[in-house]
Structures are given as C-alpha cells and as structure tokens.
1. Assuming G153 fulfils every condition listed in (1) touching a residue at least 40 places away in the same chain (Cβ under 8 Å); (2) in a loop (DSSP other than H, G, I, E, B) apart from one, which condition is it?
2. Looking only at region 36-61, count every residue that is surrounded by 17 or more Cβ atoms within 10 Å (Cβ to Cβ) and either of a type in the set (G, A, S) or in contact with a Cys (Cβ under 8 Å, 6 or more places away or on another chain) (or both) and tell me the total.
3. In this structure, does K64 turn out to be out of contact with any Asp or Glu (no Cβ under 7 Å at 6 or more places or on another chain), open to solvent by 90 Å² or more (accessible area, probe 1.4 Å) and either at pLDDT 90 or above or not in a loop (DSSP other than H, G, I, E, B) (or both)?
4. Take G101 and tell me if it is modelled with pLDDT under 90 and on the phi > 0 side of the Ramachandran plot.
5. When you scan region 70-84, do you find a residue that is open to solvent by 80 Å² or more (accessible area, probe 1.4 Å), touching a helix residue (DSSP H, G or I) at 6+ places or on another chain (Cβ under 7 Å) and within 19 Å of E134 (Cα to Cα), even just one?
6. Hey, any hits in region 83-90 for a residue that's more than 21 Å from L16 (Cβ to Cβ) and touching a residue at least 12 places away in the same chain (Cβ under 8 Å)?
7. Could you say whether any residue in region 128-137 is at pLDDT below 90, of a type in the set (D, E) and closer than 14 Å to R21 by Cα?
8. Just to be sure I understand, how many residues within region 1-31 are open to solvent by less than 10 Å² (accessible area, probe 1.4 Å) and either in contact with a helix residue (DSSP H, G or I) (Cβ under 6 Å, 6 or more places away or on another chain) or part of a helix (DSSP H, G or I) (or both)?
Amino acid sequence: MYVPAFDPFHTIFRMLYILKRFDGNETIEVDRLRIYDFYLLFPYLANKISLKSDETQLKDSRRKFIPNKFTPYNYISNSRRIFERLRPYQMIALSHLASYGLIDPEMLLQQKVTVTDADKMQQVMSQLDEMAPEDANVLSWLMLSFRNTPLNGVDGLKYRTKLIESKYDGC
C-alpha cells in the first residue's frame, strides 16, 4: 500500500508547497517545517493543537477549515512516534531541495531553511499542480495561527503540538 508520508518525492512536493507560503528572504526553523508537514499529512490532528482560551477566532477558523474526521487509512495512534518516523524523509526532502539550489545548504546544517533562489523556486512551482483545497486550508490555517508563534517556550509551537519535547527549551 502506498503511503505518501514515507515517500521522499511526495515529501519534496509538500515542502515546496509549505516554503511557497513564506517570503523569499524569511528564515524558517526546520522543526516548524516538519510540524507543518505533519499536519498536511494528518490534518484531523490539528484539532488537538492546544489553543489559549482567548484565541476564539483561531478556534472558530479551525472548526471551519480543518476536517475533524479520519479514515482507517490515515489514523495514527501515536503522533510523536509517527512524527519521528517522518524525520528522515523530511530531511532527505530538504537535502534534495538544497542540492537543487532552492534552499541554502549552510543554513540547513543549522536547522534553518532559507530560499536562496526565489526565481528558481517560482519556476519549479509553476510546473506543479495547485494544492488540493483541503490541504491549502490546513496550511493557510497553520500559517495564520502559528507563523509568528515562537517555536520554543511555554506557548511555543512545540509545546502546543506536543510533537517535539519542549520541557527543556531555553535551558
């Protein structure tokens, strides 16, 4: 059975779609990209991301745009375990993008991603089909909700998603 989560080429496409949403000169943490990628694969799990009580607008938009259903084909019982199993595929995809000259390989070694050639990225993206509307909704919600949220800390993305250990952030 084909599983897109463990297909390096599918992962490259997902990473391209995510990177397309950032400004050309923006630096993104690898873990942030990996988290966004995870929720593209398993959008129903975005409903488990903890939101503050005063973030009612985010809760409402999540209810509207994020599906709250799973199928037997995309159900996972341990999010953290699957998230870690995805790491090699995600890193291979990012390494390929660096080898194509789309992202900075030196920054990737520092666990950060910067698009190096916006024109080349645009050329590559023009060759791809548009993202499925459901996936675009998930990615739009993630970007709107967490683009400026710190990755680390008590209210950081790692803490809210519980996909990556955050207990020792900043120590």
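The values are calculated or read from the model by the stated rules, or taken from the named source; none is laboratory data. Bear in mind that the values here come from a model prediction, so they are computed numbers and not experimental data. As a convention, Cβ positions derive from the backbone with ideal geometry for all residues, glycine included, and neighbour counts pool all protein chains shown. Surface areas here come from the heavy atoms of the whole protein model, side chains and all, with no ligands, DNA or RNA. Shrake-Rupley method; radii C 1.70, N 1.55, O 1.52, S 1.80 Å.
1. Just one mismatch for G153, condition (1).
2. Summing the residues that are surrounded by 17 or more Cβ atoms within 10 Å (Cβ to Cβ) and either of a type in the set (G, A, S) or in contact with a Cys (Cβ under 8 Å, 6 or more places away or on another chain) (or both) in region 36-61 gives 1.
3. On the way: out of contact with any Asp or Glu (no Cβ under 7 Å at 6 or more places or on another chain): yes; open to solvent by 90 Å² or more (accessible area, probe 1.4 Å): yes; either at pLDDT 90 or above or not in a loop (DSSP other than H, G, I, E, B) (or both): yes.
So K64 fits the description; yes.
4. Details: modelled with pLDDT under 90: no; on the phi > 0 side of the Ramachandran plot: yes.
No.
5. Checked region 70-84: at least one residue is open to solvent by 80 Å² or more (accessible area, probe 1.4 Å), touching a helix residue (DSSP H, G or I) at 6+ places or on another chain (Cβ under 7 Å) and within 19 Å of E134 (Cα to Cα).
6. There is at least one residue in region 83-90 that is more than 21 Å from L16 (Cβ to Cβ) and touching a residue at least 12 places away in the same chain (Cβ under 8 Å).
7. yes
8. Count: 7.
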